[in-house]
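Taking it in order: structure first as structure tokens, then the write-up.
The values are calculated or read from the model by the stated rules, or taken from the named source; none is laboratory data. Keep in mind that this is a model prediction, so the values were computed, not measured. All Cβ positions, glycine included, derive from the backbone under ideal geometry; neighbour counts span all protein chains shown. Ligands, DNA and RNA are excluded from the accessible area calculation, which covers all protein heavy atoms including side chains. Shrake-Rupley method; radii C 1.70, N 1.55, O 1.52, S 1.80 Å.
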Amino acid sequence: MRYTLRSTGILSRSLHRCAVVARYSPQFGRSVATWTPLAAAFNRKPEKKLFSIFNRQRKGLFGNSLLGDPSGFYLFKEQADIEADRLVREATSSIRTRNVVEIFDDLSNALCRVADMAECIRVLHGDSQFAASAEEASSAMNDLVENLNTNRPLYMALKKVVDAGQDVKPMDDIDRYVARLFLVDFEAAGIHLEERKRKEVVKLNAKVLAAGMTFSRRCYEPHYVDAGMIPDAIKPYFHSDGKHIVIGNLMSDAPNEAVREAAYRVFLMPDQHQLEPLQEMLTNRFHLAKLVGFSSHSDRISRESVLGSAGKIEQFLETLSHNLRPHWESNKKELLDLKRQENPRATSLYPWDTTYLMTLARSRDADTEASQYMSYFPLGACMDGLSRLFESIYDVHFVIEDASDEDLWAADVYKLSVRSAEDEVLGLIYCDLYQRPDKSSPDCHFSIQGGRRLPDGSYQIPKVVLSLNYEPPQSGVPCLMNFDQIDNLFHEMGHAMHSMLGRTRYQHVTGTRTSTDFAEIPSTIMEYFSSDPRVLSQISRHYASGEALPESLLGKVCAARRKFSALDFQLQTLYAVTDQRFHGSVEPKDLLKIFADLHDEYAPFKYVPNTAWPTRFGHLFPYGGRYYSYLLARAVASDIWGKLFKADPFSREAGRKFRDHLLSHGGGRPPLELISNTLEHTPTVDEFVEALIDQTKV
Ligand SMILES: [Zn+2]
């Protein structure tokens with residue numbers, strides 16, 4: 001499961017601001033009848049009968065007949081056990097006839113198809129029995145993987161091949177690269193170490209997981225303060241339980257500065273209850289990295305990434321911070337001037353001011369609240385627009401599929417195929433796009449089946465699930481999208497298309513199964529499309545009148561939305577540097593002091609004493625050491641956009657290049673090699689920085 005970098009960051013742009021949507025009474029007239037079948041389907045909820053205990057004709061989840069009822073997960077897992085056992089025997093046999101990397105990929109396929117589907121169903125299924133049996137299967141698969149990770153004969157069979165660079169059948173570069181990736185994963189679990197150290201690795205891994213999950217949970221908990229601590233004048237703005245004021249977020253959009261300041265100070269109050277699991281997680285990660293032979297956790301997880309080492313990541317962030325300064329200083333001056341228009345006595349900008357003032361400045365520049373345009377972007381028009389865009393650049397299109405031959409986990413899931421010009425199905429995307437009372441997952445993307453070449457020459461198509469949290473259609477009005485949601489849809493579709501268009505030999509490296517800084521490139525580049533007036537004007541279509549928005553008007557909105565990028569990038573740099581330092585080569589102690597020092601060095605604003613921002617930095621667990629990926633992927637995407645698509649975002653020639661040189665390889669080749677082939681040039685760290693700085697020039 002891959003959470004998006006953009007969807008859960010505190011202090012980063014909120015993607016799901018609750019805009020008040022004007023609900024017009026629908027006027028379905030002539031124009032509405034001309035929606036394409038795809039657009040019409042996404043403008044209403046799918047009409048799918050949900051699995052019911054009384055329904056005798058159950059087809060099974062994803063059409064898998066084993067999964068017609070919750071107990072099926074047990075059999076599904078048993079199948080994987082038997083298959084894994086057979087493959088381990090084959091890999092370690094002295095008379096095997098297949099290459100080890102092929103057998104490992106089969107093994108990975110057998111485990112992933114259960115583990116990934118179980119994880120998806122555990123998170124998304126509304127039926128508690130299904131969710132519980134999926135959780136059991138998921139945990140059984142973890143045990144199985146842990147067991148395989150201790151299998152020395154299996155490890156030795158792989159290591160021998162990687163060291164020799166040859167096997168029973170000829171190997172090419174891809175075979176060798178993927179075999180090495182398997183070995184890297186194996187050694188990350190400490191299999192190459194002596195028994196005592198290997199046991200220590202298992203123990204440390206378990207501690208990191210437990211502390212990380214506790215931290216993840218606690219970092220979103222609200223803070224309670226005695227009601228007397230908050231001035232009476234602003235009390236009505238907060239939730240109260242009678243005795244306490246309860247503050248569960250930064251309230252950074254609040255127009256009243258005193259409210260924003262109080263929320264900032266209370267929400268970020270230092271709290272041992274949050275700090276302890278964070279410290280525990282970081283300390284154990286540090287010792288784990290040392291134990292398996294790396295100088296730091298960051299170094300351990302960056303070897304197969306675009307930048308390739310913790311040192312290069314540091315160089316990227318340092319250079320970026322240095323070069324951004326003049327740009328964010330002018331952003332800051334503009335915001336302070338704006339603040340003075342509201343409060344002539346204001347002398348400084350504070351961290352709690354930025355989001356509110358940036359939103360205000362952007363709507364002034366665009367002459368409007370961006371949310372006023374939502375009626376022009378019903379979900380159906382956006383999906384249809386994406387399909388036409390992909391047809392234009394990749395020569396593929398979406399078709400809405402009938403899902404009556406399978407059970408789904410909720411009634412409002414759309415099944416979508418991606419098809420070639422010859423109508424061949426290249427992959428399937430299950431779109432679970434709407435909020436539901438029983439759905440609590442953040443926006444994310446699950447791989448259900450990885451793409452891979454099969455022995456008979458055919459291709460095992462990729463299947464993914466896209467889970468988002470949009471407002472469902474109601475009273476005949478489709479889901480209407482604001483610009484942040486359109487960015488978010490394009491971003492997630494970028495991940496999905498990485499899977500759909502990947503044609504990797506091995507499923508271990510299908511689509512998004514690659515380093516985070518590389519996996520975020522195809523999704524981030526889609527945000528360049530979604531913020532281009534030429535693309536948006538093609539998509540826009542009023543849900544009732546059918547009218548489109550003119551490109552000139554959208555140009556103004558898009559330019560306003562790009563304002564203050566330098567300030568945003570500088571804040572992201574501070575967070576990325578903090579993440580690197582916390583996962584660096586010196587054991588992190590006194591986290592708040594480290595952060596305060598980094599804040600003084602990198603932040604555009606003064607540090608606010610007695611606040612503890614790291615305790616709210618939830619990304620530190622799932623993205624530990626990888627938070628810089630957001631900035632690096634944006635830099636690479638900016639470079640690719642500039643060289644391939646900026647002149648013509650609908651260019652088939654540019655799309656072909658991007659698809660052939662980058663998307664089709666998934667993670668099957670070193671990331672920097674794929675970027676270099678796409679750009680026909682190997683970019684340096686300075687050039688990555690330059691590409692990002694370019695984005696700050698509106
Ligand atoms: Zn993403």
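Quick check, is His542 away from the ligand (no atom under 16 Å from the Cβ), open to solvent by 30 Å² or more (accessible area, probe 1.4 Å), in contact (Cβ under 8 Å) with a residue 60 or more places away in the chain and assigned by TED's automatic domain parsing to the domain that holds Ala410?
It is false that His542 is away from the ligand (no atom under 16 Å from the Cβ), open to solvent by 30 Å² or more (accessible area, probe 1.4 Å), in contact (Cβ under 8 Å) with a residue 60 or more places away in the chain and assigned by TED's automatic domain parsing to the domain that holds Ala410.
Of everything in the stretch 257-280, what is closer than 21 Å to Asp226 by Cβ and open to solvent by 40 Å² or more (accessible area, probe 1.4 Å)? Give them in sequence order.
Ala258, Glu261, Arg265, Met269, Pro270, Gln272, His273
Of the numbered conditions (1) assigned to a helix (DSSP H, G or I); (2) closer than 26 Å to Pro455 by Cα; (3) open to solvent by 90 Å² or more (accessible area, probe 1.4 Å), Glu90 fails exactly one; give the number of that condition.
The failed condition is (3).
What residue, of Ile245, Ile191, is within 22 Å of Ala157 (Cβ to Cβ) and not in a helix (DSSP H, G or I)?
Ile191
Quick one: is Arg656 outside the structural domain of Met497 (by TED's automatic domain parsing), open to solvent by 10 Å² or more (accessible area, probe 1.4 Å) and not small (Gly, Ala, Ser)?
Here the answer is yes, as Arg656 does meet what is asked.
Rundown of residues vs (1) closer than 16 Å to Ala381 by Cβ; (2) under 18 Å from the mean Cα position of the chain (by Cα), yes/no style:
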residue	(1), (2)
Gly494	no, yes
His508	no, no
Arg513	no, yes
Ile525	no, yes
Phe529	yes, yes
Glu551	yes, no
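Residue pairs, Cβ under 9 Å, 6 or more apart or interchain, first in the stretch 138-162 and more than 28 Å from Ser71 (Cβ to Cβ), second of a type in the set (S, T, N, Q). List them.
That search, which allows pairs on different chains as well, returns Asn151/Thr92; Pro153/Thr92; Leu154/Thr92; Tyr155/Asn149; Met156/Thr92; Ala157/Thr92; Ala157/Ser93; Val161/Asn99.
May I ask you to say which residue of Glu527, Glu520 is within 16 Å of the ligand (Cβ to nearest atom), within 30 Å of Arg113 (Cβ to Cβ) and among the acidic types (Asp, Glu)?
Every option except Glu520 fails the conditions.
Kindly establish whether Arg626 is in contact with a Ser or Thr (Cβ under 8 Å, 6 or more places away or on another chain), open to solvent by 50 Å² or more (accessible area, probe 1.4 Å) and either modelled with pLDDT of 95 or more or not in a loop (DSSP other than H, G, I, E, B) (or both).
It is true that Arg626 is in contact with a Ser or Thr (Cβ under 8 Å, 6 or more places away or on another chain), open to solvent by 50 Å² or more (accessible area, probe 1.4 Å) and either modelled with pLDDT of 95 or more or not in a loop (DSSP other than H, G, I, E, B) (or both).
Answer with yes or no whether Gly502 is on the phi > 0 side of the Ramachandran plot and either away from the ligand (no atom under 12 Å from the Cβ) or open to solvent by 10 Å² or more (accessible area, probe 1.4 Å) (or both).
no
If only one of Tyr414, Tyr459 is surrounded by fewer than 19 Cβ atoms within 10 Å (Cβ to Cβ), among the aromatic types (Phe, Trp, Tyr) and either modelled with pLDDT of 95 or more or in contact with a helix residue (DSSP H, G or I) (Cβ under 7 Å, 6 or more places away or on another chain) (or both), which one is it?
The conditions single out Tyr459.
Restricting the first residue to the stretch 260-279 and requiring it to be within 9 Å of Trp352 (Cα to Cα) and touching a residue at least 12 places away in the same chain (Cβ under 8 Å), which pairs with a second residue that is open to solvent by 60 Å² or more (accessible area, probe 1.4 Å) and acidic (Asp, Glu) meet a Cβ separation below 9 Å and a spacing of at least six or different chains?
Arg260/Asp253
Pick from the stretch 587-623 the residues that are in a helix (DSSP H, G or I) and of a type in the set (Lys, Arg): which of them is least open to solvent (accessible area, probe 1.4 Å)?
Arg616
Filter the strands (runs of 3 or more DSSP E) completely within the stretch 389-442 down to those with at least 2 residues that are of a type in the set (A, V, I, L, M, F, W, C) and in contact with a Lys or Arg (Cβ under 8 Å, 6 or more places away or on another chain).
Where strands (runs of 3 or more DSSP E) fall fully within the stretch 389-442 and carry at least 2 residues being of a type in the set (A, V, I, L, M, F, W, C) and in contact with a Lys or Arg (Cβ under 8 Å, 6 or more places away or on another chain), they are 396-401, 425-434.
Going through the stretch 464-481 one residue at a time, which ones are more than 16 Å from the ligand (Cβ to nearest atom) and either crowded, with 21+ Cβ neighbours inside 10 Å or β-branched (Val, Ile, Thr) (or both)?
Passing the criteria: Val477, Pro478, Cys479, Leu480, Met481.
Condition first: open to solvent by 90 Å² or more (accessible area, probe 1.4 Å) and farther than 25 Å from Ala289 by Cα. Now tell me which residues in the stretch 192-251 satisfy that.
Passing the criteria: Tyr220, Tyr224, Met229, Asp232, Pro236, Tyr237, His239, Lys243.
Can you tell me which residue among Val266, Val201 is β-branched (Val, Ile, Thr) and under 18 Å from Gly624 (Cβ atoms)?
Val201
Per-residue answers, yes or no, for (1) touching an Asp or Glu at 6+ places or on another chain (Cβ under 7 Å); (2) touching a residue at least 60 places away in the same chain (Cβ under 8 Å):
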position: Leu204; (1), (2): no, yes
position: Val208; (1), (2): no, yes
position: Ala211; (1), (2): yes, yes
position: Ala227; (1), (2): no, no
position: Ile247; (1), (2): no, no
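Go through the stretch 119-158 and give me each residue that's in contact with a helix residue (DSSP H, G or I) (Cβ under 6 Å, 6 or more places away or on another chain) and open to solvent by 50 Å² or more (accessible area, probe 1.4 Å).
Across the stretch 119-158, the qualifying residues are Arg122, Glu135.
Return yes when Val399 is assigned by TED's automatic domain parsing to the domain that holds Leu536, in contact (Cβ under 8 Å) with a residue 40 or more places away in the chain and of a type outside the set (Gly, Ala, Ser) and no when it is not.
Criteria met by Val399.
Please enumerate the residues belonging to the stretch 662-685 that are in a helix (DSSP H, G or I) and either in the same structural domain as Val178 (by TED's automatic domain parsing) or touching a Phe, Trp or Tyr at 6+ places or on another chain (Cβ under 9 Å) (or both).
Leu663, Pro671, Leu672, Leu674, Ile675, Thr678, Val685
What about Ser441, is it over 28 Å from Arg388 (Cβ atoms) and either under 18 Å from the mean Cα position of the chain (by Cα) or within 16 Å of the ligand (Cβ to nearest atom) (or both)?
yes
What are the residues in the stretch 444-463 that are touching a Ser or Thr at 6+ places or on another chain (Cβ under 7 Å), within 27 Å of Ala411 (Cβ to Cβ) and more than 16 Å from the ligand (Cβ to nearest atom), if any?
Once the filter is applied, which keeps residues that are touching a Ser or Thr at 6+ places or on another chain (Cβ under 7 Å), within 27 Å of Ala411 (Cβ to Cβ) and more than 16 Å from the ligand (Cβ to nearest atom), the stretch 444-463 yields only Pro462.
Can you name the number of the only condition in (1) over 29 Å from Tyr177 (Cβ atoms); (2) open to solvent by 20 Å² or more (accessible area, probe 1.4 Å) that Glu83 fails?
(1)
Search the stretch 505-517 for residues being open to solvent by 10 Å² or more (accessible area, probe 1.4 Å) and charged (D, E, K, R), and hand back the single one that is farthest from the ligand (Cβ to nearest atom).
The residue in question is Arg505.
Return the residues of the stretch 686-695 that are open to solvent by less than 10 Å² (accessible area, probe 1.4 Å) and closer than 15 Å to Glu314 by Cβ; say none if nothing qualifies.
Phe688, Val689
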